[in-house]
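Read through the structure below, which is laid out as structure tokens, and then see the notes.
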Amino acid sequence: MSTTTLVVLTAIGVDRPGLVSELSDTIAAGGGNWLDARMASLAGQFAGILLIEVAADRADVLVARLHELQAKGLRLAIEKSDSAPAPVTGRLCKLELLGHDRLGIVRDISRVLAGLQVSIVDFETERSSGSFSGEAMFKARALVQLPMGLEVGSLRRALEALANELMVDLSPVS
């Protein structure tokens, strides 16, 4: 039986100074250890997803303390897991994409990845203004897991086929 429990917390609410401090204080007070997180302020809203480790016998206490944050305006989703993450099979690669923004670009990229059985480990996108043209540009950075047998070149060609002006950079993670 596992002696620790992993807790995945998703929190969304109006962004304000001190919000991350409140989260970290609550996690520490509940006996949790902050392992990993992704956070952003999007349109004035804080959005965060965190991975927390806690002693199995303290997991319910931590979850109860986290729920108290709802009174401070956060919407939460909390999932506990006693299982270890699945082992990584296949090859990890860093993926960077740059091209003109257009409706459905994330859908099209994710369809190509899914069609080739590529798993997204981490994914970050942004929209910016082109330095010379001022046109809306799409940028994406991802860590992806290629299935056994899929060559990097095959994935690159499939992504480049989405649009002639989509620049694709793929590099294996050592």
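The values are calculated or read from the model by the stated rules, or taken from the named source; none is laboratory data. Note that this is a predicted model, so its numbers are computed, not measured. Every residue, glycine as well, gets a Cβ built from its backbone with ideal geometry; the counts of neighbours run over all protein chains shown.
Determine whether Ala28 is surrounded by 13 or more Cβ atoms within 10 Å (Cβ to Cβ), under 22 Å from Thr3 (Cα atoms) and either of a type in the set (Ser, Thr, Tyr) or more than 18 Å from the chain's Cα centre (by Cα) (or both). Yes, satisfied.
Tally up the residues in the stretch 26-42 that are assigned to a helix (DSSP H, G or I) and either of a type outside the set (Gly, Ala, Ser) or at pLDDT below 95 (or both), please. Lay out the reasoning, then the answer.
Of all residues in the stretch 26-42, those assigned to a helix (DSSP H, G or I) come to 26-29.
Applying the additional criterion that residues be either of a type outside the set (Gly, Ala, Ser) or at pLDDT below 95 (or both) yields 26-27.
Total meeting the criteria: 2.
Set side by side, the residues Arg141, Arg91, Arg111 differ, and just one is of a type outside the set (S, T, N, Q) and farther than 24 Å from Leu51 by Cα, which is Arg111. Looking across Leu98, Leu66, Leu23, Leu103, one residue alone is assigned to a strand (DSSP E or B) and either assigned by TED's automatic domain parsing to the domain that holds Arg156 or surrounded by 15 or more Cβ atoms within 10 Å (Cβ to Cβ) (or both). It is Leu98.
Evaluated against (1) within 30 Å of Ala158 (Cβ to Cβ); (2) in a helix (DSSP H, G or I), Pro87 falls short on exactly one condition, (2).
Working only within the stretch 43-63, note down all residues that are aliphatic (A, V, I, L, M) and either assigned to a strand (DSSP E or B) or free of Cβ contacts under 8 Å to residues at least 24 places away in the same chain (or both). If you could, list the steps in order and put the result at the bottom.
Our first condition is that a residue be aliphatic (A, V, I, L, M); within the stretch 43-63, this holds for 43, 47, 49-52, 54-56, 59, 61-63.
Those that are aliphatic (A, V, I, L, M) and either assigned to a strand (DSSP E or B) or free of Cβ contacts under 8 Å to residues at least 24 places away in the same chain (or both): Ala43, Ala47, Ile49, Leu50, Leu51, Ile52, Val54, Ala55.
For the stretch 120-170, a residue qualifies if it is over 14 Å from Gly90 (Cα atoms) and in contact with a Phe, Trp or Tyr (Cβ under 9 Å, 6 or more places away or on another chain), and the qualifying residues are Thr125, Glu126, Arg127, Ser128, Ala140, Arg141, Ala142, Leu166.
If you go through the stretch 5-20 and keep only what is part of a strand (DSSP E or B) and either closer than 14 Å to Leu76 by Cα or without any contact (Cβ under 8 Å) to a residue 60 or more places away in the chain (or both), you end up with Val7, Val8, Leu9, Thr10, Ala11, Ile12, Gly13, Val14. Inspection of the stretch 156-170 identifies at least one residue that is assigned to a strand (DSSP E or B), at negative phi and surrounded by 14 or more Cβ atoms within 10 Å (Cβ to Cβ). Is it the case that the stretch 71-90 has a residue that's more than 27 Å from Asn33 (Cα to Cα) and touching an Asp or Glu at 6+ places or on another chain (Cβ under 9 Å)? No - not one qualifying residue is present in the stretch 71-90.
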